[in-house]
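**Student:** Pasting a structure below so you can have a look.
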Amino acid sequence: YDAVDIIRAQRDGRAITEGEIRWLVDAYTRGYVMDAQMSAFTMAVLLNGLGRDQIRVLTDAMIASGERMDFSSLGKVTVDKHSTGGVGDKITLPLAPLVAAFGVAVPQLSGRGLGHTGGTLDKLESIPGWRAALSNDEIMAQLADVGAVICAAGTGLAPADKKLYALRDVTGTVEAIPLIASSIMSKKIAEGTDSLVLDVKFGSGAFMQDIDRARELAETMVALGTDSGVNTTALLTDMNTPLGLAIGNANEVRESVEVLAGGGPADVVELTVSLAREMLALAGQPDADVEKALQDGRAMDVWNRMIRAQDGDPDAALPTPRETHTVVAERSGVVTRVEALPFGIGAWRLGAGRARAEDAVVHAAGIDLHVTVGQSVAAGQPLFTLSADDESRFERALGAVEGALEIGDAAPAASPLVRERIT
Ligand code: URA
């Protein structure tokens with residue numbers, strides 16, 4: 001095969017073959033095909049698309065580039081969740097222990113944040129002592145004993161994707177459905193979970209602003225999972241408004257612990273419960289009373305054991321910020337809009353996120369909202385508080401969130417958080 005021939009074919013809309021796709025991915029992973037060539041190829045995919053069979057072959061080739069994990073010796077059903085990412089999305093934290101409370105094994109191999117969306121590992125690293133890196137043996141032992149693991153995905157899973165994703169990030173080719181679907185699903189299939197629930201987000205704080213594109217992504221990923229023998233379903237969920245009140249790292253852990261204690265913001269509880277039901281249905285427990293496990297402490301119990309198993313102290317104080325700045329309402333009225341993307345960018349500028357993969361995050365930095373959409377407020381009432389380690393961060397963060405929280409005269413019509421279910 002020849003890389004230039006394959007690029008030309010994809011550029012001109014001629015269907016490339018299974019052999020060509022497998023060769024290209026393998027040759028790129030080994031360094032024979034150059035970054036320049038692969039970036040031309042990914043741009044041609046972004047512009048011309050790929051057929052379902054081609055996406056399946058691409059995914060399979062990326063899986064074949066690395067190792068596959070195998071949980072079959074556990075003797076437990078395994079089920080995982082993946083979110084396409086959003087602002088304030090801490091759902092993995094309460095969800096994994098909640099589902100594990102029903103005797104199911106939950107291997108949550110997670111990532112770090114880049115840009116305005118946070119990363120699950122960054123949030124958990126706010127907990128003193130907590131360790132993200134586990135060996136495969138440690139993962140197996142913890143799944144057998146505690147049932148839930150949230151840890152860093154090893155570098156052995158789909159190395160082709162690692163290289164390709166970094167390339168797409170700097171060549172404007174992230175937003176192609178065939179590339180996103182194969183990227184996410186190659187890692188999830190290689191991880192070896194029996195079942196998978198996808199939380200595919202749409203709206204201002206999501207990858208896909210548009211619900212029709214989010215649906216297409218969800219359908220593509222569900223088909224890829226199902227074809228590979230992974231029971232896969234997806235929920236399409238609204239990411240126009242931040243999830244919950246906390247956006248950051250330590251504050252998101254705090255909010256997750258509130259949910260595990262039977263409280264917490266209604267939207268975080270709703271999505272946690274919806275995803276838990278979905279996961280447990282795939283694991284053969286469609287009637288599990290998940291709300292009860294949040295109320296009676298069973299989910300909290302698994303959380304405490306899960307954090308301790310990874311050397312964290314669930315009772316330790318979380319980091320607190322050196323500086324805070326609270327914004328108050330200029331007028332009385334009703335909160336009509338809290339826009340996810342500007343608040344995500346604001347928290348990022350405060351230090352909660354990173355601009356480059358090698359940057360460190362500030363665990364106490366972020367934004368705490370004090371109001372939700374539909375709530376009445378009086379002039380002078382606190383709307384949100386910015387937290388940072390350095391006052392100089394406030395100006396740029398305030399610039400990001402300017403106009404992102406609107407107060408009007410009438411409450412907007414409520415829109416459902418979980419919009420569709422895709423099987
Ligand atoms: N997350 C991934 O892992 N890959 C993508 O392409 C997009 C989001």
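**Student:** I'd like to know if segment 194-211 contains one or more residues that are buried (at least 21 other Cβ atoms within 10 Å of the Cβ), farther than 26 Å from Val45 by Cβ and assigned by TED's automatic domain parsing to the domain that holds Arg254.
**Tutor:** Yes - at least one qualifying residue is present in segment 194-211.
**Student:** Can I ask one more? Gly66 - would you say it is farther than 30 Å from Asp238 by Cβ, without any contact (Cβ under 8 Å) to a residue 40 or more places away in the chain and either in contact with a strand residue (DSSP E or B) (Cβ under 6 Å, 6 or more places away or on another chain) or not assigned by TED's automatic domain parsing to the domain that holds Ala176 (or both)? Please lay out each step first, then the result.
**Tutor:** Values: farther than 30 Å from Asp238 by Cβ: yes; without any contact (Cβ under 8 Å) to a residue 40 or more places away in the chain: no; either in contact with a strand residue (DSSP E or B) (Cβ under 6 Å, 6 or more places away or on another chain) or not assigned by TED's automatic domain parsing to the domain that holds Ala176 (or both): yes.
The answer is no for Gly66.
**Student:** Which pairs do you get when a residue that is within 10 Å of Lys90 (Cβ to Cβ), found in segment 227-253, comes within reach of a residue that is in a loop (DSSP other than H, G, I, E, B) and among the charged types (D, E, K, R), reach meaning Cβ atoms under 8 angstrom, with the pair 6+ apart or on two chains?
**Tutor:** Sorted first by the residue in segment 227-253, then by its partner, the pairs are Leu243/Asp89; Leu243/Lys90; Gly244/Lys90; Ala246/Lys90; Asn249/Glu125; Glu252/Lys90; Val253/Lys90.
**Student:** Kindly indicate which of Ser274, Ser228 is under 20 Å from Ala148 (Cα atoms), among the small types (Gly, Ala, Ser) and not assigned by TED's automatic domain parsing to the domain that holds Ala404.
**Tutor:** Ser274
**Student:** Filter segment 173-210 for residues that are in contact (Cβ under 8 Å) with a residue 40 or more places away in the chain and of a type in the set (Asp, Glu); which is nearest to the ligand (Cβ to nearest atom)?
**Tutor:** That would be Glu175.
**Student:** I'd like to check something: does segment 411-420 contain any residue that is basic (Lys, Arg) and more than 25 Å from Ala266 (Cβ to Cβ)?
**Tutor:** No, that holds for no residue.
**Student:** Has segment 49-62 got any residue that is in a loop (DSSP other than H, G, I, E, B) and within 16 Å of the ligand (Cβ to nearest atom)?
**Tutor:** yes
**Student:** In segment 224-241, which residues are part of a helix (DSSP H, G or I) and small (Gly, Ala, Ser)?
**Tutor:** Correct list: Gly225 only.
**Student:** Mind listing whichever residues of segment 66-90 are within 16 Å of the ligand (Cβ to nearest atom) and crowded, with 22+ Cβ neighbours inside 10 Å?
**Tutor:** Asp80, Lys81, His82, Ser83, Thr84, Gly85, Gly86, Val87, Asp89
**Student:** Next question. Within segment 91-108, restricting attention to residues that are over 11 Å from the mean Cα position of the chain (by Cα) and not in a helix (DSSP H, G or I), which residue is surrounded by the most Cβ atoms within 10 Å (Cβ to Cβ)?
**Tutor:** Val106
**Student:** Right, here's the next one. Return yes when Ala223 is out of contact with any Ser or Thr (no Cβ under 8 Å at 6 or more places or on another chain), in the same structural domain as Ser126 (by TED's automatic domain parsing), under 20 Å from Leu58 (Cα atoms) and within 16 Å of the ligand (Cβ to nearest atom) and no when it is not.
**Tutor:** When the stated conditions are applied, Ala223 does not pass them.
**Student:** Still on this model: Filter the helices (runs of 4 or more DSSP H) completely within segment 249-338 down to those with at least 3 residues that are within 26 Å of Met140 (Cα to Cα) and not small (Gly, Ala, Ser). Before you say what the answer is, go through the steps one by one.
**Tutor:** Values: elements: 250-260, 266-282, 290-295, 298-309.
In segment 249-338, the matching helices (runs of 4 or more DSSP H) lie at 250-260, 266-282, 298-309.
**Student:** Just checking, how many residues over segment 1-48 are under 18 Å from Asp161 (Cα atoms), of a type outside the set (Ser, Thr, Tyr) and part of a loop (DSSP other than H, G, I, E, B)?
**Tutor:** 4
The values are calculated or read from the model by the stated rules, or taken from the named source; none is laboratory data. No experiment lies behind these values; they were computed from the predicted model shown. Backbone-built Cβ (ideal geometry, glycine too); neighbour counts: all protein chains shown.
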